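S.K.: There's a structure below that I have some questions on.
The values are calculated or read from the model by the stated rules, or taken from the named source; none is laboratory data. Predicted model only: the values in this text are computed from it and were never measured. FYI the Cβ positions are ideal-geometry reconstructions off the backbone, even for glycines, and counts take in every protein chain you see.
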Amino acid sequence: MRSLRILLLPILLIVGWEVAAYFIDNPFVLPSLSTVIPILLHPFSTEYTLGTGSLVENAAASLFRVASGFLLAAIIAIPLGIGMGRSIFLHDFLDSTIELLRPIPPLAWVPLALAWFKIGFVSIVFIIFIGAFFPILLNTIDGVKSVKKTWVEVAETLGARETDVLTKVILPGSAPTVWTGLRVGFGIAWMCVVAAEWMPGISLGLGYLILYAYNFGQTNLIIAGMAVIGVIGILIDQVFRAGERKWFSWRSLER
Amino acid sequence: MTLIIQNLSKEFPVPNQAPILSLSKISLTVGEEEFVSILGPSGCGKTTLLRIIAGLDSATSGSITLDGETIDRRSSQMAMIFQEYSLYPWRTVIDNVTFGLEMQNTGKRPARDIALKYLNLVGLAEFADRFPYELSGGMRQRVAVARAMAIEPEILLMDEPFGALDAQTRNMLQKELLEIWEKTKKTVLFVTHSVDEAVYLSDRIVVLTPRPGRIREIVENPLARPRDRTSPEFARIRRHVLDLINESSQPKEDLIVHPPSL
């Protein structure tokens with residue numbers, strides 16, 4: 001019964017969509033599902049993508065860019081967050097600047113990215129980096145601050161040095177929250193890639209594909225591209241959630 | 001092994017005000033294999049005293065030495081057991097117990113063997129591969145005891161370790177602690193606010209006054225173990241300790257009996 005409840009709305013939406021498409025009778029405004037599904041069923045073919053890369057090629061290009069920007073963000077944000085969570089000096093020194101930069105949407109950086117890094121891969125990675133950086137940083141700071149003082153003191157009375165405290169108490173103790181930051185950061189990075197691929201001079205990627213299809217008036221391809229973006233987003237989020245259950249279940253079970 | 005505390009005082013700074021004196025001129029000598037309780041009402045600084053002994057806080061004045069050496073919190077001569085649950089929730093029970101041994105670079109195998117020995121001592125060997133969240137409060141504190149014992153310290157510092165437990169579990173753990181103490185003969189410094197617990201456990205009871213904590217009296221407890229909480233001798237010592245606490249914690253005017261106002 002539960003699966004029915006979960007699937008009910010999507011089914012209704014699809015039926016409603018088909019009915020609406022039939023009455024609107026204009027594939028540019030709302031194409032019928034029968035023109036979208038064949039595209040999704042041929043992910044390796046370029047015939048359905050108007051001569052540009054196939055769905056898989058476009059998705060792979062987007063994923064590679066997101067992974068690059070995301071990893072770069074994680075590599076910088078996690079150590080920085082640990083430092084800021086541990087050192088009041090570093091926190092006070094950086095916090096105001098970070099709080100000032102944080103509300104600026106990643107896309108507002110596009111013109112600067114183009115000015116600094118020119119058209120191409122580096123600019124896209126930079127935009128994704130901006131998107132992923134802040135959630136990872138803020139969650140890492142929170143995670144480090146949430147490490148119980150007693151855990152650190154126990155370690156010290158048992159003979160732990162600074163580095164032991166860091167690697168055996170601070171890191172594992174904050175890991176669940178850092179992981180949450182990575183999950184949120186990846187989600188935002190994935191949203192950013194689409195828009196970042198609208199920058200000039202890009203010729204592959206799901207964002208590019210959508211814009212390309214729009215230029216040809218092919219709404220069915222736009223919708224197929226959006227569907228792929230949504231599905232990949234869900235899948236990666238599920239991977240993060242599975243990791244959370246596997247490695248960090250202690251956090252929710254701890255009384 | 002002798003722990004000597006001399007003229008120890010502790011002040012806490014208060015912004016724009018005179019500092020608060022928490023401990024005043026504490027002098028105490030604790031010898032080999034002794035079980036000493038530090039007893040006092042809340043706010044008397046007894047936990048602060050234990051934390052200073054552990055090296056986690058520093059004294060404002062006075063000195064503490066262990067066999068003539070100053071205290072280092074990382075020294076394996078002392079281990080501390082905290083009131084709140086202090087186990088690492090991401091480690092299994094046995095990996096919690098081996099933590100201190102890892103810090104001393106004991107090999108994996110020998111560390112495991114030592115950990116199992118102490119888990120056996122607290123009766124939890126069969127729970128070695130469980131996680132702390134699977135254990136009850138009493139079991140967790142037993143693991144904390146095993147973890148502290150595993151580095152084979154000479155002094156065990158215990159900060160109200162059974163304070164969060166129900167009365168029954170508490171009595172059981174007190175009994176077990178004495179059995180372990182008799183087997184291993186560590187020196188124990190035990191902070192508590194329970195008169196009954198102090199009289200049941202200790203050789204000597206250091207009674208502190210309310211803030212600032214001063215030593216009111218050090219009560220010798222010569223009763224043979226196992227002690228009977230209902231015996232007249234037990235009651236006599238308990239009464240004496242209670243009197244010490246009451247007279248030092250009640251300002252004079254509180255002793256006037258007011259008629260009930262309706």
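S.K.: Pairs only if they're at least six apart or on different chains, beta carbon under 6 angstrom, first in the stretch A:8-33 and without any contact (Cβ under 8 Å) to a residue 24 or more places away in the chain, second surrounded by 13 or more Cβ atoms within 10 Å (Cβ to Cβ) and of a type in the set (S, T, N, Q); list them, first residue then second.
M.R.: Every condition considered, the pairs that remain are A:21/A:32.
S.K.: Would you mind listing the helices (runs of 4 or more DSSP H) fully within the stretch A:136-255 where at least 3 residues are more than 14 Å from every other protein chain (Cβ to nearest Cβ) and under 28 Å from residue A:110 (Cα atoms)?
M.R.: Answer list for the stretch A:136-255: A:171-196, A:206-215, A:219-247.
S.K.: For the structure I just gave you, tell me whether residue A:169 is modelled with pLDDT of 95 or more and either out of contact with any helix residue (DSSP H, G or I) (no Cβ under 7 Å at 6 or more places or on another chain) or not polar (S, T, N, Q) (or both).
M.R.: It is true that residue A:169 is modelled with pLDDT of 95 or more and either out of contact with any helix residue (DSSP H, G or I) (no Cβ under 7 Å at 6 or more places or on another chain) or not polar (S, T, N, Q) (or both).
S.K.: Could you pull out the residue among B:143, B:219 that is of a type in the set (Val, Ile, Thr) and away from every other protein chain (no Cβ under 14 Å)?
M.R.: Sole residue among the options that is of a type in the set (Val, Ile, Thr) and away from every other protein chain (no Cβ under 14 Å): B:219.
S.K.: Looking at B:98, B:92 in this structure, which one is more than 26 Å from residue B:189 (Cβ to Cβ) and of a type in the set (Ser, Thr, Tyr)?
M.R.: The match here is B:92.
S.K.: Does residue B:55 count as within 14 Å of another protein chain (Cβ to nearest Cβ) and either surrounded by fewer than 21 Cβ atoms within 10 Å (Cβ to Cβ) or within 26 Å of residue B:140 (Cβ to Cβ) (or both)?
M.R.: Criteria met by residue B:55.
S.K.: Further question on the same structure: Name the residues in the stretch B:88-123 that are within 13 Å of chain A (Cβ to nearest Cβ) and farther than 25 Å from residue B:182 by Cα, would you?
M.R.: B:88, B:89, B:90, B:91, B:92, B:95, B:102, B:103, B:104, B:105, B:106 - these are the residues of the stretch B:88-123 that are within 13 Å of chain A (Cβ to nearest Cβ) and farther than 25 Å from residue B:182 by Cα.
Every residue, every condition in (1) within 18 Å of residue B:152 (Cβ to Cβ); (2) under 19 Å from the mean Cα position of the chain (by Cα); (3) modelled with pLDDT under 90; (4) among the hydrophobic types (A, V, I, L, M, F, W, C), yes or no:
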| residue | (1), (2), (3), (4) |
| --- | --- |
| B:19 | no, no, yes, no |
| B:22 | no, yes, yes, no |
| B:38 | no, yes, no, yes |
| B:45 | no, yes, yes, no |
| B:66 | yes, yes, yes, yes |
| B:75 | yes, yes, yes, no |
| B:90 | no, no, no, yes |
| B:101 | yes, no, no, yes |
| B:110 | yes, no, no, no |
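S.K.: Just one of A:114, A:72, A:90 is without any contact (Cβ under 8 Å) to a residue 24 or more places away in the chain and either of a type outside the set (S, T, N, Q) or not in a helix (DSSP H, G or I) (or both); which is it?
M.R.: Only one candidate qualifies: A:90.
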